[in-house]
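Worksheet: one structure, shown below.
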Amino acid sequence: MYPELRKWINQCDACNDIGYKPEVPLELSTYGGETSAVAKNLRKFFKELPLNEIGLCDVCKKFIR
Ligand SMILES: [Zn+2]
């Protein structure tokens, strides 16, 4: 995985599922100049994974309250 992708990745605290953050912009620029490929790859290889304020995904937050 590209290190610059890390900051766009969410990981659930409970199930360790990973996915991209919903706020990932349509186009990401990296210092290498590979602009849109990064955001495109994120969407291709990961699913969108919104986390709540305590780091739980949609599935886990239904079980843990
Ligand atoms: Zn989870």
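Bear in mind these aren't lab numbers, they're just calculated from the coordinates by the rules spelled out. Nothing here was measured: the structure is a model prediction, and the numbers come from that model. Note that each Cβ is placed from the backbone with ideal geometry, even for glycine, and that neighbours are counted across all protein chains shown.
How far apart, in nm, are the 7 Å Cα→Cβ label points at Asn41 and Ala14?
Output for this residue pair reads 3.2 nm.
Tell me which lysines have Cα within less than 18 Å of Lys61's Cα, excluding those fewer than 8 residues away on the same chain?
Excluding near neighbours in sequence, the set is Lys21, Lys47.
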